[in-house]
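Below is one structure, written out as structure tokens; comments come after it.
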Amino acid sequence: MSATISIIIPVYNEEAGLAALFERLYPALDGLGRQYEVIFVDDGSRDRSAALLREQFNRRPESTRVVLLTRNAGQHMAILAGFAHSRGDYVITLDADLQNPPEEIGKLIAAMDQGADYVGTVRARRHDVYWRKAASRLMNRIRERTTQIRITDQGCMLRGYHRTIVDAINRCVEVSTFVPALGYTFARHPVEVEVAHAGRAAGQSKYSIYRLIRLNFDLMTGFSVAPLQVFTMFGILVSLLSLAFVVDLAIRRLFVGPEVQGVFTLFGLAFFFIGVLLVSVGVVGEYVGRIYEQVRQRPRYTISAILEEGAGIDTGETAVRPAVLPAPKPHPELDHTEMLRAEHDPGPAP
């Protein structure tokens with residue numbers, strides 16, 4: 001029997017483009033010839049997105065489910081909410097803006113049929129503005145130098161995860177995380193495929209420069225302690241240079257006498273090292289802030305309602321779900337994830 005498929009689509013203020021998404025998504029999935037479910041996760045939209053998702057659920061209740069979050073939790077938290085309610089053997093994440101065509105989903109399914117447990121994607125001929133492309137290349141290089149995550153195109157959310165990878169992710173309780181990188185850390189057979197890319201069908205990107213910087217801070221501090229180590233090594237180097245400088249000043253004082261010519265140079269050096277100190281304190285603060293958020297043990301997201309066939313609208317974290325898809329089958333090549341889950345399992349999610 002062919003593997004079943006779950007498509008997870010986070011939605012935030014996408015009213016203008018949802019009709020086009022519905023028109024292209026369902027025919028593309030019907031053409032795969034497999035059982036599937038589409039899980040829309042409304043991330044606290046302020047427009048009519050939730051109402052349009054309800055209408056689509058009424059049109060295709062047998063293959064559509066809608067998870068409504070109480071407030072905006074962020075794209076990756078919305079994806080995690082979709083993971084928690086998915087049932088397919090293969091789980092595909094897709095943005096709602098149609099920049100990654102739904103017709104490309106078949107490429108990810110084919111790669112997982114061949115044994116891949118994680119399928120990343122690389123956008124061909126990106127239709128983004130220049131500054132986004134340049135920023136993406138820069139952040140990719142920084143990420144690869146500071147972590148062990150090797151993702152060619154971190155901004156493309158069209159990705160495929162085997163059920164065992166999704167189960168491992170669901171057992172993690174990080175308050176803030178980057179889903180593609182987290183999936184990559186659990187994967188044994190990761191692959192990347194090239195997919196088409198288009199301009200947004202409607203609306204505007206939700207990622208400003210500031211949000212992109214925050215996302216990469218999350219990525220670097222969430223998967224590596226390299227930033228702390230860099231500043232530690234820099235501190236050791238500065239200490240050694242300072243010691244040599246003090247020795248040199250002492251010798252010159254003894255043999256040359258008092259000097260004032262270099263006083264402004266000393267001020268410049270002092271200001272430079274004060275700036276470095278402030279940056280290093282900020283990096284430490286990023287890690288301390290993560291610890292603070294984690295120890296509070298607040299929910300990563302809250303669900304106000306779930307729309308699904310046989311359950312109607314159910315408030316709270318869970319709903320009585322019918323058997324939309326059969327129980328997922330274990331993957332014979334991915335038994336290693338059981339060990340990974342055991343190593344990373346801190347208990348049930350808060």
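The values are calculated or read from the model by the stated rules, or taken from the named source; none is laboratory data. Predicted model only: the values in this text are computed from it and were never measured. Using ideal geometry, Cβ is built from the backbone for each residue, glycine included, and neighbour counts are taken over all protein chains shown.
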Of 268, 310, 275, 262, the only residue that is surrounded by fewer than 13 Cβ atoms within 10 Å (Cβ to Cβ), modelled with pLDDT of 75 or more, among the small types (Gly, Ala, Ser) and out of contact with any Lys or Arg (no Cβ under 7 Å at 6 or more places or on another chain) is 275
Does residue 121 qualify as being at pLDDT 95 or above and either under 13 Å from residue 156 (Cα atoms) or in contact with a Gly (Cβ under 7 Å, 6 or more places away or on another chain) (or both)?
no
Residue selected from the range 157-176 under the condition among the polar types (S, T, N, Q) and surrounded by fewer than 21 Cβ atoms within 10 Å (Cβ to Cβ), by the criterion nearest to the chain's Cα centre (by Cα)
176
Any chance you could count how many residues in the range 41-63 are free of Cβ contacts under 8 Å to residues at least 40 places away in the same chain and either under 20 Å from residue 157 (Cα atoms) or buried (at least 19 other Cβ atoms within 10 Å of the Cβ) (or both)?
8
What is the one condition in (1) of a type in the set (D, E, K, R); (2) under 27 Å from residue 101 (Cβ atoms); (3) at pLDDT 70 or above that residue 171 does not satisfy?
(2)
Somewhere in the range 29-36, is a residue within 22 Å of the chain's Cα centre (by Cα), closer than 16 Å to residue 63 by Cβ, in contact (Cβ under 8 Å) with a residue 12 or more places away in the chain and assigned to a strand (DSSP E or B)?
no
When the range 46-87 is checked residue by residue, the ones that are over 25 Å from residue 299 (Cα atoms), among the small types (Gly, Ala, Ser) and assigned to a loop (DSSP other than H, G, I, E, B) are 63
